[in-house]
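Step one of this worksheet: look at the structure below.
The values are calculated or read from the model by the stated rules, or taken from the named source; none is laboratory data. Because the structure is predicted, anything quoted here is derived from the model rather than measured.
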Amino acid sequence: MDGCWHESFRIFAIKNLAGNTFDIEENLKQVLDAKQQGYQKATNVINYLASHECDHLLAE
């Protein structure tokens, strides 16, 4: 596998941009470091905020 859509980045970003929570120590570091989620390296993930399969950021 060369790369994979990183769904947890999208979920984290929407939760924090909507103003519900912001836990920089625990969540941000984990979501930005793909190795903590089982990926071999950071280049194996594609961070995204919207796709054709889910609502766009403003709709969220």
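Here are the numbers:
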read-out: Of all residues in segment 1-31 being within 16 Å of residue 46 (Cα to Cα) and in a loop (DSSP other than H, G, I, E, B), the one that is modelled with the lowest pLDDT; value: 1
read-out: Test: residue 52 is part of a loop (DSSP other than H, G, I, E, B) and modelled with pLDDT of 80 or more; value: yes
